[in-house]
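The values are calculated or read from the model by the stated rules, or taken from the named source; none is laboratory data. Nothing here was measured: the structure is a model prediction, and the numbers come from that model. Methodologically, a virtual Cβ is constructed for each residue, glycine included, from the backbone with ideal geometry; neighbour enumeration extends over all protein chains shown. With ligands, DNA and RNA removed, areas are computed over all heavy atoms of the protein, side chains included. Shrake-Rupley method; radii C 1.70, N 1.55, O 1.52, S 1.80 Å.
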Amino acid sequence: MNEPLPMDGKGPKLPPTYPPRTPPPQRKPVEPPRPKPSTRPVTTSLLPPGPGQARVQTRRPRMTVRNRRAANWALTAYPWTAAQAVTKVTAIVRAWGYAHPDDDQLQQTVRLLVGATAADNGRRISVHLADQDGMLLVAVLSHTDAVPDETVLASLASVPGTTSCGTDASDDGRRVWAVLSTDRPSTRTLGAPAV
């Protein structure tokens, strides 16, 4: 015979006729945590330490540009990216009203900076441009864990109008930068030959 169903104060207990309620799936997959650099980044500048001097290791903050005009672009690291960056930087510098540095100096500087960061084999690079007090800052980030390479600094320093340049590594990745003067280059006048 059939056994009677268990009873409670409200009547017989019956199994549910619908599936149990499940939470909806997540809309976006959870992003894994970003890897932390295994070593402390080394900050380098144009002048390396002399013999017997220790290299200073410092942790650089993330790059921020405040209280000045700025522009930036995220570009994919393709071979033609340098030409894109030159076009974008030159257009903004001229839109800001600067006649100097001339197009050749801007082109040479941007090509050196982009070439150095594209050599890090990252998927993308960021080009940053800012101005203040008659100076232009052009910085390019590779977004990789590459170690700072100082070989590009001599080439950057040889570009006319370069007042400072450097490379370092931070949480943003490898950063290569140059500061250019916007002053008209002084012309050297030769005196009259002595008779």
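The table for this structure:
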item	result
Residue selected from region 111-120 under the condition assigned to a helix (DSSP H, G or I) and out of contact with any Ser or Thr (no Cβ under 8 Å at 6 or more places or on another chain), by the criterion least open to solvent (accessible area, probe 1.4 Å)	113
Residue 107 in contact with a helix residue (DSSP H, G or I) (Cβ under 7 Å, 6 or more places away or on another chain), of a type outside the set (A, V, I, L, M, F, W, C) and part of a helix (DSSP H, G or I)	yes
Test: residue in region 148-170 that is aliphatic (A, V, I, L, M), more than 21 Å from residue 69 (Cα to Cα), part of a strand (DSSP E or B) and open to solvent by 10 Å² or more (accessible area, probe 1.4 Å)	yes
All positions within region 135-147 that are touching a Leu at 6+ places or on another chain (Cβ under 9 Å) and either in a helix (DSSP H, G or I) or surrounded by fewer than 17 Cβ atoms within 10 Å (Cβ to Cβ) (or both)	135
Restricting region 121-134 to residues that are open to solvent by 70 Å² or more (accessible area, probe 1.4 Å) and outside any loop (DSSP other than H, G, I, E, B), the residue that is farthest from residue 78 (Cα to Cα)	132
Any hit, region 95-102, residues being open to solvent by 10 Å² or more (accessible area, probe 1.4 Å), closer than 12 Å to residue 180 by Cβ and either part of a strand (DSSP E or B) or touching a Ser or Thr at 6+ places or on another chain (Cβ under 6 Å) (or both)	yes
